[in-house]
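Visitor: Structure below; questions to follow.
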Amino acid sequence: MHRPPPLSLLCRLLLVPLLLAALPASADDDRLDVVAPWEINSLDPVQSGLILGRMQVAETLIDSDDTGALVPGLATRWQSPDATHWHLTLRQGVHFHDGTPMTPKSVAASLERTLDRPGVLAQADILEVTPTDQGVDLVLAQPFAALPALLSHYSTQILAPAAYDNDGQVTRIIATGPYQVTQLALPQRLDSTRFEAYWGKAPAIATTRYLAAPRSETRTLMAQSGDADLVFTLDPVSLARLRMTPGLALFAEPIPRTVALKLNATHPGLDTPALRHAISLGIDRDGIAQGILRRSDAAAHQLLPPSMARWHLSDRAPEARNLDRARQLLASEGWTPGPDGILSRNGTRLALTLTTFADRPELPVIATALQAQLRELGMDVQVNVGNASEIPASHQDGSLNMALLGRNYGLVPDPLPTLMQDFGPTGGDWGAMNWSSPALQDIFTELTRHTDPARRDALAQQAATLLADERPVIPVVSYMQTLAASSRLEGVSLDPFERSYRLADMRWGD
Amino acid sequence: MPPLAMSLLQRVCQAGLVAWVVGTLTFVLTRTLPGDMAYRIAAGRYGHEQVTAAAAEAVRAELALEGSAVQAYLQWFGDLARGDLGRSLVSGQPVAGELQHLLGHSAQLAGVAIVMALLIGVPFGLASGLSRHRLLDRLGLALAVAMRSLPPFVIGLGLIMLFSITLGWLPAAGSGHLTHLWLPAMALALGLAAVSSRVTHHAMARVAASPFYAFARQKGLSARQALYRHGLRNVSVPVVAYLGVQLIYLMEGVVVIESLFAWPGIGHALVHAVVARDVPMIQGTALVLGLGFVLLNALVDLACRGLDPLRQTS
């Protein structure tokens with residue numbers, strides 16, 4: 001009897017799936033594949049709204065345009081007589097993905113639930129959310145003129161009542177965006193399809209997929225191989241390689257995110273504006289921009305970028321590196337070089353620890369560059385690379401000396417809430433440490449009360465001047481959002497506020 | 001008690017011991033790691049930029065992190081005894097449900113990797129073991145050393161470069177389609193195959209040099225018949241037994257490879273859970289990996305017992 005030898009049988013069995021596997025690689029070509037580093041941790045918009053918003057699954061009441069101006073989202077109008085009482089008018093004819101209409105009651109319930117969780121909305125001190133005939137009314141404990149900007153933050157996305165269980169936990173994502181979730185595989189993948197009953201313009205591309213690929217090598221290779229149509233957040237070295245890859249279009253847009261040095265203003269080496277000025281003068285921003293970020297325009301001399309004109313001092317000239325001037329400033333504060341070249345005052349050496357984290361891969365590299373640059377001034381800096389949460393934690397327990405971080409001032413289109421958080425009366429976890437300014441608090445309070453644009457412009461300029469002179473936080477370089485897109489795609493653009501990937505505006509070319 | 005039942009009972013006891021050791025170790029280790037747990041969990045939940053003292057304090061209060069460690073430890077074992085692995089501190093979802101989804105992906109990856117490793121390593125080892133050419137042996141050894149000494153991460157990158165970018169045959173990373181499985185599985189399989197091919201080579205060379213193999217050829221069996229009837233089964237015992245040893249390599253590899261290929265498996269989840277101090281998730285994943293190790297070793301034992309008639313009689 002002839003029996004097939006077991007090995008060759010096994011080989012034949014294996015051939016079948018191999019052949020099958022080789023075929024359908026091109027089957028999903030009409031699906032828009034998006035790759036970015038951020039994982040989807042949960043169904044709750046407070047945690048994962050960033051991705052739900054960018055993939056255009058969930059929407060907020062208020063939206064923003066490229067200049068940061070607020071534009072209607074699910075609410076068409078918002079008014080306040082006194083910045084304490086707010087009336088929002090809802091858009092008519094909006095449906096949730098389960099087919100139910102969006103009503104003032106469902107919006108109020110969704111907002112109430114957001115208020116129970118930590119997030120930006122807590123800043124506004126909202127006392128009451130009441131549904132009305134056409135919209136919702138909000139009553140605040142104090143005036144807060146930046147409330148509409150907070151209502152554009154992803155954590156305030158509106159979900160349908162059926163999205164929650166009895167405990168208020170999100171069990172399904174039922175929102176209002178142009179795309180609805182078809183499958184969600186936490187933490188990596190989100191598949192969605194066009195929502196036919198969308199209130200706005202129907203998207204041209206019918207299906208999309210989001211894939212979280214935290215490793216930058218993986219993302220670059222996916223862009224290079226054509227597996228993904230849109231690949232976000234590319235590292236500078238890969239970007240140079242992708243430029244030479246045919247079939248890809250590269251996009252870059254400055255975003256209001258700044259790499260900055262957070263300083264403990266009670267440390268003896270950092271406790272006067274002159275000392276902090278010396279550090280700022282010791283930093284070679286252009287060197288870091290060219291050598292690490294590979295961009296000549298990345299040096300940041302102010303915390304807020306020129307695109308946030310209200311908060312940017314356009315007439316202030318950038319200050320180039322000047323070691324002589326820096327040494328003079330240090331000497332005027334009593335810090336002089338010791339026998340080992342390290343500055344000392346009354347026998348104490350100027351030694352500092354610089355804490356940073358690796359979630360943003362360029363930060364540790366910039367930190368070591370700063371270490372070398374400040375060494376030239378005679379400062380002995382140790383770099384400590386840890387988890388991002390060590391920065392707020394060591395801010396709270398007072399052990400932090402210096403921290404290098406990337407701060408997004410465009411989290412909401414108006415930077416005021418972020419700045420109030422960072423430079424509040426007791427400092428801020430991601431901002432000033434042991435530094436506060438009553439004058440700045442007064443400006444902030446006035447800004448929360450005034451809705452007049454001219455008055456707000458003047459106040460914001462005053463605040464920016466104060467921060468630039470006192471330097472509780474020193475800007476280093478600014479970020480660029482980067483995207484590699486398949487050249488088959490048309491209508492690709494970047495949102496400078498990173499709120500949306502704008503998939504609904506894209507279409508397949510020929 | 002028959003030896004088979006005895007051996008299984010031993011494995012069951014081992015599984016219980018593994019559960020206790022893994023549960024205790026992960027608990028002690030996560031509690032003694034530097035850094036504030038509440039801040040870490042808040043970072044895992046809200047993204048690092050949203051971590052403020054207020055968010056961390058909210059997490060601390062919600063999860064009662066200040067409570068007694070001993071109580072939390074006993075609670076976990078109590079829940080485990082009832083089959084409840086708790087809820088993830090980051091996503092809020094039941095750990096058991098998440099593990100089920102993740103384990104499926106990892107098992108698929110590991111299973112395909114083992115099959116591929118056997119299909120690559122065994123034929124190569126057999127050929128070089130049977131061949132009298134020293135060159136083939138040397139070549140096999142050189143290849144095996146190279147593959148085993150390269151970290152899976154580097155092999156993975158090389159495979160993506162070749163199969164996705166240069167040839168354009170397979171997707172570089174992702175999941176959801178059968179084609180996504182080949183490259184990560186291959187990246188794991190090459191390292192495994194390196195060892196399997198050497199074990200097979202030595203076993204085959206030993207069998208080929210034995211008197212019973214020479215007798216099989218002398219009584220008139222062809223080379224092929226002799227191999228199938230008298231060679232393979234003899235060779236298979238050390239190869240399968242050695243697979244058990246290689247499981248460690250496989251599990252290490254899974255953690256790295258899943259991250260590189262954005263594969264939603266248990267190794268990748270473990271790394272993230274450690275970073276985010278998601279204690280129930282760390283305990284759950286470590287427990288599943290530990291028990292998986294015991295189970296696979298038991299299966300290797302059974303397979304060896306089935307393959308080796310000497311063990312059945314003894």
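No lab work stands behind these numbers, since they all come straight from the coordinates. Since we're looking at a predicted model, the values are computed, not measured. Please note: Cβ atoms are built from the backbone with ideal geometry, for glycine as well, and neighbour counts cover all protein chains shown.
Visitor: Quick one: if the Förster radius is 22 Å, what FRET efficiency do B:Ala146 and B:Tyr249 give, using the C-beta to C-beta distance and rounding to 0.05? Mind dumping the intermediate values first?
Guide: Values: r = 15 Å, r/R0 = 0.70.
Efficiency, from the Cβ-Cβ distance: 0.90.
Visitor: Moving on to the next point. Using only C-alpha positions, report the orientation-averaged shadow area of the convex hull of the protein assembly as shown, nm², one decimal.
Guide: Details: hull surface 171.8 nm².
Hull-based average projected area comes out at 43.0 nm².
Visitor: For segment A:58-175, count the residues as N, evaluate 2.2 N^0.38 Å, and divide the Cα radius of gyration by that value, please.
Guide: Details: Rg = 13.4 Å, N = 118, 2.2 N^0.38 = 13.5 Å.
That works out to 1.00 for segment A:58-175.
Visitor: Taking the Cα centre of chain A as the origin and placing charges on Cβ (Lys, Arg +1; Asp, Glu -1), which of A:Thr60, A:Leu230, A:Pro415 is farthest toward the positive end of the dipole?
Guide: Farthest towards the positive end: A:Leu230.
Visitor: State to the nearest 20 debye the size of the charge dipole of segment A:153-209 about its Cα centre, where the only charges are +1 on K and R beta carbons and -1 on D and E beta carbons. Before the final figure, lay out each step's value.
Guide: Values: 5 positive and 4 negative charges, 54 e Å.
Here the size comes out at about 260 debye.
Visitor: Once you put a point 7 Å from the Cα of A:Ala331 and another 7 Å from the Cα of A:Arg241, both along the Cβ direction, what distance in nm separates them?
Guide: In this crude label model, A:Ala331 to A:Arg241 measures out at 4.9 nm.
Visitor: Only bridges with both residues in segment A:256-480 count here: give the DSSP antiparallel percent, nearest 5.
Guide: On the way: 18 of 29 bridges.
Beta bridges within segment A:256-480, antiparallel portion: roughly 60 percent.
Visitor: Taking the Cβ of A:Asp191 as the center, what net charge do the other residues with Cβ under 9 Å away carry, scoring Lys and Arg +1 and Asp and Glu -1? Provide the component values of the computation, followed by the final result.
Guide: Details: positive: A:Arg31, A:Arg189, A:Arg209; negative: none.
It works out to a net charge of +3.
Visitor: Another question, if that's okay. Mind checking the mean number of beta-carbon atoms from other chains within 10 Å of the Cβ atoms in A:422-435?
Guide: What the average comes to for A:422-435 is 1.
Visitor: If I take all pairs of Cα atoms in segment A:224-314, what percentage of them are more than 18 Å from each other? Can you show the working numbers first?
Guide: Values: 2506 of 4095 pairs.
Pairs farther apart than 18 Å: 61 percent.
Visitor: Ok, one more. What relative contact order, as a whole-number percentage, does segment B:1-80 give when Cα pairs under 8 Å and 6 or more residues apart are counted?
Guide: 23
Visitor: Tilt of helix B:53-63 relative to the longest C-alpha principal axis of chain B, in degrees (0 to 90, nearest 10)?
Guide: So the helix axis and the longest Cα principal axis differ by about 70 degrees.
Visitor: Here's a follow-up. On average over all directions, what projected area in square nanometres does segment A:256-480 have, based on the convex hull of its Cα atoms?
Guide: Details: hull surface 47.9 nm².
Value for segment A:256-480: 12.0 nm².
Visitor: Can you sort B:Ile160, A:Ile474, A:Ile62 by how many other beta carbons sit within 10 Å, fewest first?
Guide: Values: B:Ile160 28, A:Ile474 21, A:Ile62 24.
Ascending number of Cβ neighbours within 10 Å: A:Ile474, A:Ile62, B:Ile160.
Visitor: How much net charge surrounds B:Ser131 when only other residues with a Cβ under 14 Å from its Cβ are counted (Lys, Arg +1; Asp, Glu -1)?
Guide: Working: positive: B:Arg132, B:Arg134, B:Arg138; negative: B:Asp137.
Combined, the nearby Lys, Arg, Asp and Glu give +2.
Visitor: Quick one: give the max-minus-min coordinate of the C-alpha atoms of segment B:94-136 along each principal axis, largest first, in Å.
Guide: 58, 11, 8
Visitor: Rounded to the nearest 20 debye, what is the charge dipole size of the protein assembly as shown about its Cα centre when +1 sits on each Lys and Arg Cβ and -1 on each Asp and Glu Cβ? Could you put the intermediate results ahead of the total?
Guide: Working: 63 positive and 70 negative charges, 897 e Å.
Roughly 4300 debye, rounded to the nearest 20.
Visitor: Taking every pair of alpha-carbon atoms in segment A:446-510, what share in percent sits in each 10 Å bin, from 0 to the bin with the longest distance?
Guide: All Cα pairs, binned at 10 Å, distribute as 16, 25, 25, 21, 13, 1 percent.
Visitor: Write down the percent of antiparallel bridges among all DSSP beta bridges whose residues are both part of chain A, to the nearest 5. If you can, show how the numbers build up before the last one.
Guide: Working: 60 of 78 bridges.
The antiparallel fraction comes to roughly 75 percent.
Visitor: Still on this model: A:Ala146: net charge of surrounding residues, Cβ under 15 Å, Lys/Arg +1, Asp/Glu -1, itself excluded? Display every interim value, and only then the final one.
Guide: Details: positive: A:Arg310, A:Arg449, A:Arg455, A:Arg456; negative: A:Asp82, A:Asp125, A:Asp414, A:Asp422, A:Glu446, A:Asp452, A:Asp457.
So the environment of A:Ala146 carries a net charge of -3.
Visitor: Here is a further query. Suppose R0 equals 35 Å. What FRET efficiency, 1/(1 + (r/R0)^6) with r the Cβ-Cβ distance, do A:Arg316 and A:Ala249 give to the nearest 0.05? Please list the in-between numbers first.
Guide: Numbers: r = 36 Å, r/R0 = 1.02.
It comes to 0.45.
Visitor: If you find the alpha carbon centre of segment A:251-329 and of segment B:117-157, how far apart are they in angstrom?
Guide: Going from one Cα centre to the other spans 55 Å.
Visitor: Express in % the proportion of alpha carbon pairs of chain B at distances exceeding 25 Å. The partial results should precede the final answer.
Guide: Working: 29607 of 49141 pairs.
Value for chain B: 60 percent of Cα pairs lie more than 25 Å apart.
Visitor: Just going by the charge dipole of segment A:58-175, with Lys and Arg at +1 and Asp and Glu at -1 on Cβ, which of A:Pro72, A:Ala124, A:Ala146 is farthest out on the positive end?
Guide: It is A:Pro72.
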